[in-house]
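Student: Mind having a look at this structure? Questions to follow.
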Amino acid sequence: MRTTRALAATGAAVAVLGLAAPAAVARDGMNLSPSNVVALPSVIARGGQLTITVNNCTAPATASSDAFRRVTLSVGANNLATGTATVNRNARTGSHSISVVCGNGTVINPTAFTVIGGVRGGLGGSSSTGATPTDMAIGGGLVALAVIGGGVFWMRRRSERHI
């Protein structure tokens, strides 16, 4: 259920950002400043990796947040800066901002991404070790039923008449 909600929130955030993102059109001689800091996924667990993109950003470019170490962004075609950051294992849960410093200015997204608590994967919902008393009672009952059923079957076979 939590996974479904996280995926729904991520999908909604991506849809909102995609619809609200203005098309960046550069004109000759126009001095553009960095804009549209996007972190994907927008909802992430501690230790996960974020992909950060910024429009209209010239080199050198760095991104920083209280949830990850400063990372250097690479600037590609059309002044699109991208980079990858790893969220700290001890990052607090909740919304975090990203500050990007480019050669042509600074831009901040105050609610760029949300850190959620970690998931205990691989345990199958169990937090204890070994069999519990309930497990032992259920297993013992099933073994007893198997023994009784086998005995009844054997006794019925034994009473049949043979020619």
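Student: Could you check segment 104-135 and list, in sequence order, the residues that are open to solvent by 40 Å² or more (accessible area, probe 1.4 Å) and at pLDDT 90 or above?
Tutor: Those that are open to solvent by 40 Å² or more (accessible area, probe 1.4 Å) and at pLDDT 90 or above: ASN104, THR106, ILE108, PRO110, THR111, THR114, ILE116.
Student: Within the set of pairs 6+ apart or on separate chains, which have a first residue in segment 53-78 that is charged (D, E, K, R), a second that is surrounded by 18 or more Cβ atoms within 10 Å (Cβ to Cβ), and C-beta atoms under 8 Å apart?
Tutor: Going by the 8 Å Cβ cut-off, the qualifying pairs are ASP66/ALA91; ASP66/HIS96; ARG69/ALA85; ARG70/ALA63.
Student: Related question: Taking CYS57 as meeting all but one of (1) at pLDDT below 90; (2) at negative phi; (3) part of a loop (DSSP other than H, G, I, E, B), write down the number of the exception.
Tutor: The one condition CYS57 does not meet is (1).
Student: If ALA61 satisfies all but one of (1) open to solvent by 30 Å² or more (accessible area, probe 1.4 Å); (2) over 15 Å from GLY48 (Cβ atoms), what's the number of the condition it fails?
Tutor: Among (1) open to solvent by 30 Å² or more (accessible area, probe 1.4 Å); (2) over 15 Å from GLY48 (Cβ atoms), the lone unmet condition for ALA61 is (1).
Student: Continuing with this model, one more query. Go through the residues of segment 26-36 one by one and say whether even a single one is under 21 Å from GLY117 (Cβ atoms), open to solvent by 50 Å² or more (accessible area, probe 1.4 Å) and at pLDDT below 95.
Tutor: no
Student: Could you say which residue among VAL147, VAL71, VAL143, VAL87 is more than 17 Å from the chain's Cα centre (by Cα), modelled with pLDDT of 90 or more and either open to solvent by less than 40 Å² (accessible area, probe 1.4 Å) or under 22 Å from LEU32 (Cβ atoms) (or both)?
Tutor: Just one listed residue meets the conditions, VAL71.
The values are calculated or read from the model by the stated rules, or taken from the named source; none is laboratory data. Quick caveat, the model's predicted, so the values are computed rather than measured. Positions of Cβ are generated from backbone atoms using ideal geometry, with glycine treated the same way; all protein chains shown enter the neighbour counts. For accessibility, only protein heavy atoms count, side chains too; no ligands or nucleic acids. Shrake-Rupley method; radii C 1.70, N 1.55, O 1.52, S 1.80 Å.
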